[in-house]
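The values are calculated or read from the model by the stated rules, or taken from the named source; none is laboratory data. On a predicted model such as this, the values are computed, not experimentally measured, just so you know. Heads up, the Cβs are rebuilt from the backbone with ideal geometry, glycines too, and the neighbour counts pull from every protein chain shown. Ligands, DNA and RNA are stripped out before the accessible areas are found, and what is left, the full protein with its side chains, is counted by its heavy atoms. Shrake-Rupley method; radii C 1.70, N 1.55, O 1.52, S 1.80 Å.
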Amino acid sequence: MTFPPHPSGINRRTALVSSAAVVASLAGCASTPRADAGPTLAPNANLVAQGIPPIPTSLVQRVERYTQFRGHAFVDWHPSRGEMLVAHRLPTADTVQLFRLAAPAGPLEPLTSGADPVSNASYEPRSGHYAVFARATGGNEVYRLYRLDLATRTETPITPVEERSAMMGWLKHAPGRPPQLIVSAVPVDRTAAGGTRASIDTTLWLIDPDKPEAKRKLVDLPGGGWFAPAVKHDDRELAIMRYLSANEAQIWIVDLATGASRQLLPAASEAGTLKAIHAPASFSPDGLHLYFTSNRVGEFNELMRIELASGAIRRITAHIPWDVSDASFSDDGRLIALQANVDGRGELRLFDGRTLKEMPVPALPPGSVADTTVHPRLGLVALSVHSVRGPSQLHVLDTSTSTTHAWTTPYVPEGIATATFRDQRIVRWASFDGRQISGVLSVPPARFTGRRPVIIDIHGGPESQSKVGFMGRDSYFINELGITVIEPNVRGSVGYGKTFLTLDDGFKREDSVKDIGALLDWIATQPDLDPARVLITGGSYGGYMSLACSVHFADRIAGSIDIVGISNFVTFLTNTESYRRDLRRVEYGDERDPAMRAFQERIAPVNNAQKIRKPLFVVQGRNDPRVPYTEADQIVAKVRANGTPVWYLLAENEGHGFVRKENADYMFYSVVSFVGMTLLA
């Protein structure tokens with residue numbers, strides 16, 4: 001799913017669907033807890049719980065250790081020292097915060113604290129004596145930027161409250177001038193008349209974080225999809241991606257002195273004939289070339305280089321038959337690191353920036369690699385490695401010695417033997433049209449025999465991908481209770497080529513639901529899986545999928561969990577934040593078109609609520625800017641009106657997913673009870 005880092009640890013799992021995993025932690029909790037079952041845990045003041053039975057403290061005591069996994073995420077390298085910023089949650093904290101780590105296995109020096117998480121920051125690029133970080137409030141994703149003095153921990157806001165701000169790169173090479181930060185600003189709906197906007201512009205500003213009041217406006221750019229910046233080494237130009245959809249993105253060049261902008265890729269000669277992704281990565285040190293990733297030639301994203309004077313393009317990773325991403329470069333351009341997404345597993349690839357030839361990669365710790373970031377000067381590569389046996393751990397590869405050292409040690413609660421967890425594997429099945437669909441299968445230990453119950457966990461996006469990696473709370477569910485988890489990558493998922501990515505667009509929306517129907521067929525053919533005990537869950541777009549499956553497969557599932565999911569594409573597109581609306585219309589269809597609107601209304605789960613006959617659990621954040629809470633309210637009301645049991649958990653201080661551990665834990669315990677009632681009764 002596409003959610004913020006889980007409050008109990010930095011890994012790809014969240015508190016949302018993982019909660020279901022621990023349901024079977026209660027050997028004797030195959031039915032709904034009774035109100036007279038002894039002491040209970042009350043929801044905190046920010047949670048509104050409807051239809052959820054009291055949570056026995058005995059349940060909490062059985063499963064709470066599975067809320068304690070804590071890993072680490074890489075944030076940024078110090079510009080001149082072997083020192084980094086990391087994101088982590090302390091055992092006594094409710095949210096992920098920022099820390100400084102000066103050496104392998106060194107102490108984590110806390111830099112930020114508070115009720116709202118901080119996981120995005122950048123060192124000042126010359127001396128590193130301060131950092132700039134982003135923080136939103138209550139999950140609303142209206143990020144404000146702050147200057148953090150690393151000596152005093154003083155936080156000074158450098159952008160306004162009522163704009164969504166993001167860091168777009170530093171100007172750092174001009175002699176006699178302090179580093180300046182390029183910042184993008186997007187307006188939000190609550191500052192508009194009527195609470196919505198007909199159109200959105202992105203404004204780029206140039207800010208000295210020491211003197212933010214003297215900021216200079218660079219340019220207004222149309223729309224809200226401006227990302228992936230790269231600053232030229234002479235500080236004169238910015239390359240930036242204009243994201244139009246998951247299938248189309250352009251590269252524009254902005255003159256940082258005049259604000260003039262022009263489209264670089266696709267070139268003018270390709271207008272109307274080439275629709276592909278183009279994302280800038282880095283300028284070459286001499287300014288003659290721009291590195292970028294693109295699927296303009298084939299199905300997958302490759303690293304390429306364009307000669308700016310002639311427009312000639314060189315393919316660098318054409319020999320890698322998978323998407324490559326996260327290309328990172330040393331300041332001198334001699335070292336390039338990137339990731340290859342090999343069937344849902346991240347692999348590190350290294351290239352010589354002078355010859356553009358791939359170099360051997362030294363032996364690395366087992367697991368899937370993420371966050372590959374090259375130190376600007378020291379020949380070090382930071383790696384986040386995660387596997388089924390543990391949360392995210394940071395390692396550093398020293399390319400001068402070809403050695404790798406662990407910089408952090410993730411926390412695993414006492415008594416949980418992650419070393420014994422079984423490897424995941426990729427499974428495939430044929431869908432309604434004969435197309436092969438794949439998913440990540442996590443199976444219980446061999447001591448569990450007979451047909452096992454199944455949880456189908458559908459990722460969000462839909463432009464996302466379920467990958468191999470640590471299962472978090474689901475690990476208990478799998479390894480102690482013998483329940484199988486399948487994470488399908490239905491059509492529309494990334495990682496399988498640009499054609500596959502388009503197979504659920506617009507009027508083809510329910511073809512992805514049919515992929516789950518085919519998965520249910522496949523489950524019925526497996527001698528170790530129980531087709532009579534299947535629960536479907538998902539978040540965001542996965543929440544829509546869970547609801548849609550509840551409509552179409554009510555006689556084939558035991559229940560469903562919808563987390564921050566879409567219940568009607570028309571009302572979703574009407575109420576989502578304006579800076580997202582046009583981008584989502586490309587994926588889901590334009591509700592202003594009468595034929596598309598009629599289709600969206602016809603397939604809307606809320607308009608088919610009478611077909612949802614199995615118990616439903618809905619989870620939502622009040623401040624969600626992506627999928628407004630009204631999507632949850634309306635499906636809850638409609639399904640309840642038909643007499644189907646519905647549990648509803650609304651957090652007043654959360655957005656698109658629960659990031660506060662206190663909230664996530666209560667949701668976790670509630671899902672334990674829900675799945676006990678539906679799947680294990």
Self-check item: Qualifying position, being acidic (Asp, Glu) and part of a helix (DSSP H, G or I), among ASP530, ASP521, ASP555
Solution: ASP521
Quiz item: Can ARG626 be described as within 30 Å of VAL186 (Cβ to Cβ) and charged (D, E, K, R)?
Solution: yes
Quiz item: Looking at GLY114, GLY106, which one is out of contact with any helix residue (DSSP H, G or I) (no Cβ under 9 Å at 6 or more places or on another chain) and at pLDDT below 95?
Solution: GLY114
Quiz item: Which one is farthest from ASN623 (Cα to Cα) among residues in segment 132-155 that are touching an Asp or Glu at 6+ places or on another chain (Cβ under 9 Å) and of a type in the set (D, E, K, R)?
Solution: ASP149
Quiz item: Consider GLY482 against the criteria (1) assigned to a loop (DSSP other than H, G, I, E, B); (2) open to solvent by 10 Å² or more (accessible area, probe 1.4 Å): it satisfies all of them except one. Which criterion is unmet?
Solution: (2)
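I'm trying to understand the selection: among the residues of segment 498-518, which are among the charged types (D, E, K, R), in a loop (DSSP other than H, G, I, E, B) and surrounded by fewer than 19 Cβ atoms within 10 Å (Cβ to Cβ)?
Result: GLU510, single match.
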Practice problem: Restricting attention to strands (runs of 3 or more DSSP E) lying wholly within segment 361-458, give those where 3 or more residues are touching a His at 6+ places or on another chain (Cβ under 9 Å) and open to solvent by 10 Å² or more (accessible area, probe 1.4 Å). | Solution: 390-398, 403-406
Quiz item: For LEU206, all conditions in the list (1) in contact (Cβ under 8 Å) with a residue 12 or more places away in the chain; (2) touching an Asp or Glu at 6+ places or on another chain (Cβ under 9 Å) hold save one; what is the number of the exception?
Solution: (2)
Quiz item: Which of the residues spanning segment 670-681 are part of a helix (DSSP H, G or I) and open to solvent by 10 Å² or more (accessible area, probe 1.4 Å)?
Solution: MET677, THR678
Self-check item: From the options GLY71, GLY128, residue that is touching a residue at least 24 places away in the same chain (Cβ under 8 Å) and within 26 Å of ASP331 (Cα to Cα)
Solution: GLY128
Self-check item: Where GLY543 falls short, out of the listed (1) over 30 Å from SER442 (Cβ atoms); (2) surrounded by 21 or more Cβ atoms within 10 Å (Cβ to Cβ)
Solution: (1)
Quiz prompt | Selected residue (only one of THR203, THR191, THR196 is of a type in the set (S, T, N, Q), surrounded by fewer than 20 Cβ atoms within 10 Å (Cβ to Cβ) and modelled with pLDDT of 95 or more) | solution = THR203
Practice problem: State all residues of segment 414-435 that are within 25 Å of the chain's Cα centre (by Cα) and over 16 Å from PRO366 (Cβ atoms); if no residue qualifies, say none. | Solution: ILE426, VAL427, ARG428
Quiz item: Across segment 308-333, what is the number of residues that are free of Cβ contacts under 8 Å to residues at least 24 places away in the same chain and in contact with an Asp or Glu (Cβ under 7 Å, 6 or more places away or on another chain)?
Solution: 2
Practice problem: Would you check which residues across segment 587-603 are surrounded by fewer than 17 Cβ atoms within 10 Å (Cβ to Cβ) and either assigned to a loop (DSSP other than H, G, I, E, B) or in contact (Cβ under 8 Å) with a residue 12 or more places away in the chain (or both) and list them? | Solution: ASP590, ARG592, ASP593, ARG597, GLU601
Quiz prompt | Complete set of residues in segment 600-632 that are over 21 Å from the mean Cα position of the chain (by Cα) and farther than 24 Å from LEU583 by Cα | solution = ASN607, ASN608, ALA609, GLN610, LYS611, ILE612, ARG613, LYS614, PRO615, LEU616, PHE617
Quiz item: Just a yes or no: is a residue in segment 158-172 open to solvent by 30 Å² or more (accessible area, probe 1.4 Å) and more than 27 Å from the chain's Cα centre (by Cα)?
Solution: yes
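On the given criteria, is VAL606 hydrophobic (A, V, I, L, M, F, W, C), touching a Leu at 6+ places or on another chain (Cβ under 6 Å) and either surrounded by fewer than 23 Cβ atoms within 10 Å (Cβ to Cβ) or not in a helix (DSSP H, G or I) (or both)?
no
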Practice problem: Only residues that are part of a loop (DSSP other than H, G, I, E, B) and of a type in the set (A, V, I, L, M, F, W, C): list them for segment 313-328, please. | Solution: ILE316, ALA318, ILE320, TRP322
Quiz prompt | Given (1) at pLDDT 95 or above; (2) under 18 Å from the mean Cα position of the chain (by Cα), index of the condition ILE455 fails | solution = (2)
Exercise. Check ASP590, ASP515, ASP504, ASP511 and return the single one that is farther than 30 Å from GLN250 by Cβ and not aromatic (Phe, Trp, Tyr).
Key: ASP515
Exercise. Scan (1) closer than 25 Å to MET168 by Cα; (2) crowded, with 16+ Cβ neighbours inside 10 Å for the single condition ARG349 breaks and write down its number.
Key: (1)
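To keep it simple, each residue is scored yes or no on (1) open to solvent by 10 Å² or more (accessible area, probe 1.4 Å); (2) touching a residue at least 60 places away in the same chain (Cβ under 8 Å).
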{"residue": "TYR629", "(1), (2)": "yes, no"}
{"residue": "ASP633", "(1), (2)": "yes, no"}
{"residue": "ALA637", "(1), (2)": "yes, no"}
{"residue": "THR644", "(1), (2)": "yes, no"}
{"residue": "ALA651", "(1), (2)": "no, yes"}
{"residue": "VAL659", "(1), (2)": "yes, yes"}
{"residue": "ASP665", "(1), (2)": "yes, yes"}
Self-check item: Per-region count, segment 35-56, residues open to solvent by less than 50 Å² (accessible area, probe 1.4 Å), at positive phi and modelled with pLDDT of 95 or more
Solution: 0
Self-check item: Per-region count, segment 165-203, residues within 21 Å of ASP149 (Cβ to Cβ), touching an Asp or Glu at 6+ places or on another chain (Cβ under 9 Å) and touching a residue at least 24 places away in the same chain (Cβ under 8 Å)
Solution: 7
Quiz item: Just one of the numbered conditions (1) touching a residue at least 24 places away in the same chain (Cβ under 8 Å); (2) open to solvent by less than 60 Å² (accessible area, probe 1.4 Å); (3) in a strand (DSSP E or B) is not true of TYR146; which one?
Solution: (1)
Quiz item: Can you name the residue in segment 231-268 that is free of Cβ contacts under 8 Å to residues at least 40 places away in the same chain and of a type in the set (Val, Ile, Thr) and is also farthest from LEU501 (Cα to Cα) among such residues?
Solution: THR258
Quiz item: ILE182 passes all but one of (1) at pLDDT below 95; (2) out of contact with any helix residue (DSSP H, G or I) (no Cβ under 9 Å at 6 or more places or on another chain); which number fails?
Solution: (1)
